[in-house]
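> First the structure, which I've put down as structure tokens, then a few questions once you've had a look.
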Amino acid sequence: MPVRTITTSPFADQKPGTSGLRKKVTVFRQPHYIENFIQAILETAGEGLRGATLVLGGDGRYLNREAIQSAIRLAAANGVGRLLIGQGGLLSTPAASALIRSSGAIGGIILSASHNPGGPEGDFGIKYNMANGGPAPEEVTGAIHRRASTLTEYRTTDTPDLDLDRIGETRIEGMVAMVVDPVANYAALMETLVDFDRIAGLFKRGFRMRFDALSAVTGPYAQEILERRLGAPAGTVINATPLPDFGGHHPDPNPVHAEALMTEMMGADAPDFGAASDGDGDRNMIVAPGHFVTPSDSLAILAAQAHHAPGYARGLAGVARSMPTSRAVDRVAKRLGIPCFETPTGWKFFGNLLDSGRITLCGEESAGTGSDHVREKDGLWAVLLWLDILAATGKRADAILLEHWATYGRDYYTRHDYEEVDATAANALMASLRERLASLPGQSFAGLTISAADDFAYTDPVDGSVTAAQGVRILFAEDARAVFRLSGTGTVGATLRVYLERFEPDAARHALPVQQVLAPVIAAAQEIAGIARHTGRDAPSVIT
Ligand code: VG1
Ligand code: CO
């Protein structure tokens, strides 16, 4: 079956965003579109690809299997030595990261649009991870984009479709295609980080948990680990079968999209612990009985308690959070006497900090938490670490949350998203904010006084690279903050994200409604940015 060269016309829009290339399925279905981008990835990987190992898998969404078959042919035709493919075409993002690392692969191609909806009308995505298991940094995604927009041909073979459901090896040209169990390697890694016997003891004593996989990729992982290895009762994991359209779910684990879980956890007979994950399994949502735990608080709590788990018994080297994430983890780092780094949004910015040993734990307000065990955020890992902390301390999840606030104070936090806004209007809003940065300090809005305002820029302490214009930060003298940035994962128009927070040290004021506490910050943010004037919207589309 000879290698064939196919003529393609370049695509100018193959520009990866916060996490890979994300577009509507209809865009990906254009002839040669998928092949063009994968060829650009393979060529950017360069000569090192020849004979090397590459990892391939996806979150199971609509188009996953077809794209996997295309990628197999392109990998064979471009000289890959060994291709490790998750059975059924499945690999969660953290499992792919773990497999890249343990197999010594040169990198991996992950097919996912993560938390974006799936199905024929939904979104699809392709991302590339490096040999360290982490997302390609900006200079690599930039190179892939440049290559994709000039490519005139790609290399493929006429090989028939590989049977993705049968574990085994097949030779295609000079390449060995290996279909592997997507869960086994990941589950083995988890056993080295948390105490499985201790967590199993928890379930044996009647601990009740609900894990909502939202019909996305984490189902098989959660069933194997929680129900089979840890002995949680069958039915602990719900929506456990990955479906091409996620069963109509929006696989974004937050109180709005994981509404059923929220209702159960806020109810009278709530389980002891609730959790959910996203399309590709890298996000986590934690719910204690009666309390949603914000991802920012969850990161802080894990940082404060991780030493209970065997994988972190030696303590943490440091921590990091994305800029819009609340400062809760900063307070923990201060008390532990360890550094805390503030990075731009997107997991790729944690890679150098993790590789250089500067940090052990990191996270984002968007429900991403991870550690140095892989180079991606890891949804199920965060859930297991929580479980091990509950098992080790014997405390209830809600008690841990309340005690955390009592010790460190509470960072009231909310995010307001204005989705599918006209892109020109959204850019004008950001430009206008940026123009006024210097004149804002000293001005008052909704009873709050601006103490500082800037556009976040990050200098990577390891390689010195500078990433500018990462979001406008408005600090208020009243220990509050508003952050504005545009999403880099949306596929329609623009999404304006407004992150709002206020610190409350007084434990007597820790049980107030979040939106009420933040009302002045919300009002000030709307006024400062002129959100209604620019976008025509008088309310956000999603509040989390
Ligand atoms: C969003 C989140 C960001 C996250 C990214 C990828 O990006 O805000 O924190 O890293 O999604 O997560 P944006 O640019 O839309 O704000 V996932 O789970 O989609 O891989
Ligand atoms: Co994700």
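The values are calculated or read from the model by the stated rules, or taken from the named source; none is laboratory data. Note that the structure is predicted; figures quoted are calculated from it, not measured. Cβ sites come from the backbone with ideal geometry, for glycine too, and all protein chains shown count toward neighbours. With ligands, DNA and RNA removed, areas are computed over all heavy atoms of the protein, side chains included. Shrake-Rupley method; radii C 1.70, N 1.55, O 1.52, S 1.80 Å.
> Given an 8 Å cut-off on Cα distances and at least 6 residues of separation, report the relative contact order of region 254-346 as a percent.
So the answer I get is 19 percent.
> How much of the accessible area of the chain, probe 1.4 Å, is carbon plus sulfur, in whole percent?
Within the chain, the accessible surface is 51 percent carbon and sulfur.
> A further question follows. Suppose the Debye formula is applied to equal point scatterers at every Cα of the chain; what is log10 I(q)/I(0) at q = 0.07, 0.11 Å⁻¹?
Here the Debye-derived log intensity ratios amount to -0.38, -0.96.
> Can you list, largest first and rounded to whole Å, the semi-axes you get for region 85-239 by taking the square root of 5 times each eigenvalue of its Cα gyration tensor?
Taking √(5λ) for each Cα gyration eigenvalue gives 33, 18, 17 Å.
> Another question, if that's okay. Give me the distance in nm between label points sitting 7 Å out from Cα along the Cα-to-Cβ direction at S356 and V3, one decimal.
My value for the distance between the label points is 3.8 nm.
> With N denoting the number of residues in region 418-544, provide Rg(C-alpha) divided by 2.2 N^0.38 Å, to two decimal places.
1.11
> Where does helix 295-305 land angle-wise versus the long Cα axis of the chain, in degrees 0 to 90, nearest 10?
Around 90 degrees separate the two axes.
> Another one. Heavy atoms only, 1.4 Å probe, whole protein assembly: order V217, V27 by accessible area, highest first.
Result of the area sort, largest leading: V27, V217.
> Express the accessible area of the chain per residue in Å², computed with a 1.4 Å probe while the remaining protein chains stay in the model.
36 Å²
> Could you rank C340, C362 by how accessible they are, 1.4 Å probe, largest area first?
So the residues, ranked largest to smallest area, are C340, C362.
> Hand me the trypsin sites (Lys or Arg not before Pro) from region 182-273 located in a DSSP loop with no more than 11 other Cβ atoms within 10 Å, in residue order please.
R205
> Assuming 1.567 mPa s and 4 °C, estimate D for region 245-320 with Stokes-Einstein, Rh taken as the Kirkwood radius over Cα pairs, in µm²/s.
Rounded to a whole number, D works out at 93 µm²/s.
> About the Cα centre of the chain, what is the dipole size in debye to 20, counting +1 per Lys and Arg Cβ and -1 per Asp and Glu Cβ, all else neutral?
Dipole about the Cα centre, nearest 20: 540 debye.
> If you count only protein heavy atoms and use a 1.4 Å probe, how large is the accessible surface of M266, to the nearest 10 Å²?
Its heavy atoms expose roughly 80 Å² to the probe.
> Still on this structure, please answer the following. For each pair in K334/K395; K334/K377; K127/K377; K15/K127, compute the distance between the two Cα atoms and list the pairs where it is over 18 Å.
Violating the 18 Å limit, Cα to Cα: K334/K395; K334/K377.
> Right, next: Please sort 146-158, 81-93 by packing, taking for each peptide the average over its residues of neighbouring beta carbons within 10 angstrom, highest first.
Output ranking for 146-158, 81-93: 81-93, 146-158.
> At 1.4 Å probe size, what's the solvent-accessible area of H307? Round to the nearest 10 Å².
Counting only protein heavy atoms, H307 exposes about 90 Å² to solvent.
> While we're looking at this one, here's another question. What is the list of residues in region 459-475 whose amide nitrogen lies under 13 Å from a point 7 angstrom out from the Cα of R436, following Cα to Cβ?
Counting only backbone N, you get 474.
> DSSP beta bridges in the chain, what fraction antiparallel, as a percent rounded to 5?
Taking every DSSP beta bridge within the chain, about 70 percent pair in antiparallel fashion.
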